[in-house]
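The values are calculated or read from the model by the stated rules, or taken from the named source; none is laboratory data. Just so it is clear, the model here is predicted, and its values are computed rather than measured. Reconstructed Cβ throughout: ideal geometry from the backbone, glycine too, with neighbour counts over all protein chains shown.
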Amino acid sequence: MIKNIVVIGAGTMGNGIAHTFAQSGFSVNLVDVSQDALDRGLKTITTNLDRIIAKGNLTEEQKAETLGNIKTFTELKDAVTHADLIVEAATENQDLKLKIFGQMDEFAPENCILATNTSSISITKIAAATKRADKVIGMHFMNPVPIMKLVEIIKGYSTSKETFDAIYTMSKTLGKVPVEVNDYPGFVANRILMPMINESIETLYNGVAGVEEIDTVMKLGMAHPMGPLQLADFIGLDVCLAILNVMYDGFKNPKYAPNPLLVNMVMAGKLGVKSGEGFYDYSESKKAEKVAKMFAK
């Protein structure tokens, strides 16, 4: 039975995954290389819990219980001693993930399941870095994790039925909707989403329309809650580029080749929300303007 969870990475996805497990009553060890990153992750979790309380969907007591379910570690070896499941949520970098999975395999108990939150990298390739390929699986959560219901459950070539069933069932206990997906580049979500985002960037690159115009067409014409360029900023342009590169390398199909504008923006450090600027401006001055307009109404 899965009770003790380890989450590797305290960034956007990692702290969201830790939050979700902890709020569902699991014991969670959150791991990152620095205490500062862990402190930022806990601060984000606390802020998000306060938002849920403000909406009347959580009590202060439940918030305290959730935070009490989370412990932080800077050493992986110390965190995984009693782990039933480890969820890796590090940067979308293949070499880094392979290194982490080698360490997870070395330190984790024999029966521990090793999961990755990768959004595009082969589960089979990640599993090959371990000696327990039957216990390696993909759990691709959506951002923001505490709110979004979908979890893509991706089987590698050697993932056992027992492992798949355990993760599929457990995902439901988190209040998520698990969807079974096979191991191909981009899985389902990003195989469909990233070409759309890339084509939106291509449309901008070719001067067909501006950023807001493209997003408005998709929001009002196709009933998307968020335009593709705004969504790209929210995901992170570096992440979008990494996923497109994985799919391009995996399929050798030019339709997955990232647009030059996306490549240049990433090289320039314009990564979207996390850097303060992408297709939109998220700088403090812009935030101040928005606040001023609110008070002027």
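Filtered by the rule that a residue be out of contact with any Ser or Thr (no Cβ under 9 Å at 6 or more places or on another chain), more than 22 Å from residue 236 (Cα to Cα) and in contact (Cβ under 8 Å) with a residue 60 or more places away in the chain, the stretch 168-211 gives a lone residue, 170. When the stretch 82-97 is filtered for residues that are buried (at least 16 other Cβ atoms within 10 Å of the Cβ) and more than 23 Å from residue 1 (Cβ to Cβ), the ones remaining, listed by number, are 90, 92, 94, 97. Residues to consider are 197, 235; find the one that is assigned by TED's automatic domain parsing to the domain that holds residue 266, within 18 Å of residue 116 (Cα to Cα), crowded, with 16+ Cβ neighbours inside 10 Å and not acidic (Asp, Glu). Only one candidate passes the filter, namely 235. Tell me, please, whether a residue that is within 22 Å of residue 12 (Cα to Cα) and either in a loop (DSSP other than H, G, I, E, B) or not assigned by TED's automatic domain parsing to the domain that holds residue 16 (or both) can be found in the stretch 108-116. Within the stretch 108-116, none of the residues are within 22 Å of residue 12 (Cα to Cα) and either in a loop (DSSP other than H, G, I, E, B) or not assigned by TED's automatic domain parsing to the domain that holds residue 16 (or both). Considering the stretch 126-180, the residues that are buried (at least 16 other Cβ atoms within 10 Å of the Cβ) and basic (Lys, Arg) include one that is nearest to residue 102 (Cα to Cα), namely 132.
What residue, of 79, 89, is under 27 Å from residue 131 (Cβ atoms), in contact with a Gly (Cβ under 8 Å, 6 or more places away or on another chain), assigned by TED's automatic domain parsing to the domain that holds residue 24 and among the hydrophobic types (A, V, I, L, M, F, W, C)?
Details: 79 fails: in contact with a Gly (Cβ under 8 Å, 6 or more places away or on another chain).
After ruling out the rest, the residue left standing is 89.
Name every residue in the stretch 91-120 that is at pLDDT below 95 and in contact with a helix residue (DSSP H, G or I) (Cβ under 8 Å, 6 or more places away or on another chain), in order of residue number. Once the filter is applied, which keeps residues that are at pLDDT below 95 and in contact with a helix residue (DSSP H, G or I) (Cβ under 8 Å, 6 or more places away or on another chain), the stretch 91-120 yields 92, 93, 94, 119, 120.
Which is of a type in the set (Asp, Glu) and farther than 22 Å from residue 172 by Cα, of 84, 32?
Details: 84 fails: farther than 22 Å from residue 172 by Cα.
Exactly one of 84, 32 is of a type in the set (Asp, Glu) and farther than 22 Å from residue 172 by Cα, namely 32.
Scanning the stretch 9-20 for any residue that is surrounded by fewer than 24 Cβ atoms within 10 Å (Cβ to Cβ), modelled with pLDDT under 95 and β-branched (Val, Ile, Thr) turns up at least one such residue.
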